[in-house]
Every structure is written in C-alpha cells, then in structure tokens.
1. Compute the signed sum of charges (Lys and Arg +1, Asp and Glu -1) over the other residues within less than 14 Å, Cβ to Cβ, of residue 70.
2. On a 0 to 90° scale, report how tilted helix 37-46 is relative to the longest principal axis of the chain, with both axes built from alpha carbons and the result rounded to the nearest 10.
3. Which distance in nm do the two modelled labels at residue 24 and residue 41 give, with both placed 7 Å along the Cα-to-Cβ direction?
4. Could you please report the charge total around residue 13, scoring K, R as +1 and D, E as -1 over all other residues with beta-carbon less than 10 angstrom from its beta-carbon?
5. Run the simple label-point estimate for residue 51 and residue 71 please: 7 Å along Cα→C-beta, distance reported in nm.
6. Ignoring any ligand, DNA or RNA, what whole percent of the accessible area of the chain comes from carbon and sulfur when the probe is 1.4 angstrom?
7. When the convex hull of the Cα atoms of the stretch 1-40 is projected onto a plane and the area is averaged over all directions, what value comes out in nm²?
8. Tell me the per residue accessible area of the chain using a 1.4 Å probe; a whole number in Å² is fine.
Amino acid sequence: MSDQTEIIVHPVSPQGGRKVTVHALGVDADLGRAHTPRDVAEFLRRVGLEDVDLSEDGPITWEGGGPEVWRRPEA
C-alpha cells in the first residue's frame, strides 16, 4: 500500500453502518457502507488493497471509534 493512500472508516451513521472512503493518487473514492470489519476488508480487496491491518494500529483512520464499534451509542 502506498504511503499516500488514506483509508477512512467514518462514524456509524444514523441509518446504520459506517462509510468507507479511500484517498489514493489524488482521487477520493467512496467504497460503500460497511456493517462489519469483514465488509471493510472486502471493500479494500475489491480495489486491490489486500491484507490491510484492520486494527487501530494499522493504516486505517477509524473515526468515531475503532473496529469494534458498529452501533451508535445509546442516548
């Protein structure tokens, strides 16, 4: 994976799931709405980014919580 590639998993949306975006080579791409880490891995695989570390220590920016957060906090 290029050092200039940014992968962002956005916070849980009100509709459920987390939007996954990638910025690479000056292009932003919305990969879809993930509901599990497995979805994130599949979206990345489809764009040629296989074996990406999905942990908080990996190259992904997890906004609104790490890879264990898939529901909005209760009010």
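1. Numbers: positive: 18, 19, 33, 38, 71, 72; negative: 39, 63, 68, 74.
Net local charge, residue 70 excluded: +2.
2. Once rounded, the angle reads 30 degrees.
3. For the pair residue 24/residue 41, the computed spacing is 1.8 nm.
4. Working: positive: 18, 19, 33, 72; negative: none.
Once positives and negatives cancel, what remains is +4.
5. Using points 7 Å along Cα→Cβ, the separation is 3.5 nm.
6. Numbers: 2350 of 5070 Å².
Roughly 46 percent of what the probe reaches on the chain is carbon or sulfur.
7. Details: hull surface 12.0 nm².
Averaged projected area of the stretch 1-40's Cα convex hull equals 3.0 nm².
8. Details: 5070 Å² over 75 residues.
So the chain comes to 68 Å² accessible per residue, rounded to a whole number.
The values are calculated or read from the model by the stated rules, or taken from the named source; none is laboratory data. Computed from a prediction, not measured in an experiment: that's the story for all the values here. Cβ atoms come from the backbone with ideal geometry, glycine included; neighbour counts cover every protein chain shown. Ligands, DNA and RNA are stripped out before the accessible areas are found, and what is left, the full protein with its side chains, is counted by its heavy atoms. Shrake-Rupley method; radii C 1.70, N 1.55, O 1.52, S 1.80 Å.
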